[in-house]
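Participant: Take this structure first; my questions come after.
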Amino acid sequence: MSYKSHAVASPDDAVKPYVAFNMLYDNNLLRLSDAVDPVAITGKSDKSDFIKQIAAGFDMDWTLSRQHILVKALINQNWFQNFSTLDYLGWDTLAQWNWQMGNHFNGEIGYANSQTMGGFGQLNSLVSNLQNNQRSFVNAGYLFHPNGKIKFGLFRTEYQFVDKIRQFSNNIEDNAELDLQYLSPTGSVLGFRLLATDGSYPNRSFTAGDIQDNAYTRMNYALTWDWKASDKTRAEGNLGYTQQHFAHLGDRDFSGITAQLGLRWQASEKTRLELTAKRDINQAQNLSSSFLLNQGVWFNLAWQATPKIAVTLPVSYQEQKYLGAADAGAVGLPQQKDTVGNVGLNLTYHPVDNINIGVVVNHEKRDSNYALRSYETTSIGINLQAVF
């Protein structure tokens, strides 16, 4: 819901401007199946693309007495060598006030706006997936006991697509969240969270016979925890129950257990292991479904080889089921089910304190019960950043 930082900056280093240059090669940008003729989809025989990006921005981290202000701004220009119709100007901004009143009240107020090109794993076609995402939030917490805290928050998310074909999927969610927390003397936190969501698709109108709904509500009840097992081991996550109800198409309602379990282990001074398993509902990005049920595991091995060189190895495996799909209802097709595997290698090098060089390699493979939805792709990128 918000970006959180506990750093306290002095006036001298509160504002940090930076510039960056990024290059990425992807041998299957649109995630096309080998069974698909790319000429028929894109008019070109080459499925790969080479993307260049220049970027500039700044981070401001300012503390005034007990008030903490965060401001972040980034703007970038992106060029696609093969599919040049996808060229775009993007940005990522955040303004946040972490407020404190006395010893018992604190909270956050903020707004974020970003514009970026979404992935093509669910579109599989030459359609611009440029999207503008906004989120605004306000929350407050009251420490009613040395070991007890209650928090209440409101936040809104808006997903808007630039391309007219995609604007059918524009989405707005209004959320209210209530947290009751037990704060242990050892630094661990155990709580209960209630999250209510009212969602809508403002560019859709519903009439009898339609196969896509235009509104829904969702309730999530969950136990939450952040357990500091030792100085080297930390476990956090949530376990709950989610109910999603569509306004008109009740046969597409969903209810079931949702959870996220995370484990972080600092194996040594230079080596860290992170493991995450989750089952949750996410927004779908294709043209027919509204949501997907995502279940998977994510593993990350981080190694600080030297003070200047860091290596991470991310690996993940996901099972995805599409909810509220128009295809199945229209022509009797089975529910779409995919499995997605990723393996990567990230290398970061700091030749000097204010220069960062990164190399990213990733391989992804998806298998689907829809034959034309399976694909395989490999990408490699290099990132250069200078902080002033």
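The values are calculated or read from the model by the stated rules, or taken from the named source; none is laboratory data. Not measured: the values here are computed from a predicted model. Every residue, glycine as well, gets a Cβ built from its backbone with ideal geometry; the counts of neighbours run over all protein chains shown. With ligands, DNA and RNA removed, areas are computed over all heavy atoms of the protein, side chains included. Shrake-Rupley method; radii C 1.70, N 1.55, O 1.52, S 1.80 Å.
Participant: Find the eigenvalues of the gyration tensor of the Cα atoms of segment 52-154, then list the square roots of 5 times those eigenvalues as equivalent ellipsoid semi-axes, largest first, in whole angstrom.
Facilitator: Its equivalent ellipsoid spans semi-axes of 39, 17, 8 Å.
Participant: Could I ask something else about it? Give the aspartates and glutamates whose C-alpha is closer than 19 Å to that of LYS149, dropping any in the same chain fewer than 8 places away, or say none.
Facilitator: Filter leaves GLU108, GLU177, ASP179, ASP226, GLU236.
Participant: Using 20 Å bins from zero, what percent of all Cα-Cα pairs in the chain falls into each bin?
Facilitator: Percent of Cα pairs in each bin: 21, 59, 19, 0.
Participant: Spin-label point model (7 Å from Cα, Cβ direction): what's the SER184 to TYR25 distance in nm?
Facilitator: Distance between label points: 5.0 nm.
Participant: So which aspartates and glutamates can LYS52 reach, going by Cα to Cα under 19 Å and dropping same-chain residues fewer than 8 places off?
Facilitator: Qualifying aspartates and glutamates at Cα under 19 Å: ASP26, ASP87, ASP92.
Participant: Hey, can you find the accessible area per residue of segment 57-159 for me, probe 1.4 Å, expressed in square angstrom?
Facilitator: 48 Å²
Participant: Hey, another quick one. Measuring from centroid to centroid over Cα atoms, what is the spacing of segment 298-315 and segment 33-83 in Å?
Facilitator: Cα centroid to Cα centroid, the span is 23 Å.
Participant: Something else about it: Say the dipole of segment 110-243 comes from +1 at the beta carbon of Lys and Arg and -1 at that of Asp and Glu; which of ASN203, ASN113, GLY237 then lies farthest toward its positive end?
Facilitator: Going by the charge dipole, the pick is GLY237.
Participant: If you take every residue apart from GLN67 with its C-beta less than 13 Å away from the C-beta of GLN67, what net charge results, scoring Lys and Arg +1 and Asp and Glu -1? Don't skip to the end; give the middle numbers.
Facilitator: On the way: positive: ARG66; negative: ASP61, GLU108.
My count for the surroundings of GLN67 gives -1.
Participant: Let me spell out the model: positive unit charges on the Cβ of Lys and Arg, negative unit charges on the Cβ of Asp and Glu, origin at the Cα centre of segment 142-212. What dipole size does that give, in debye rounded to 20?
Facilitator: 140 debye
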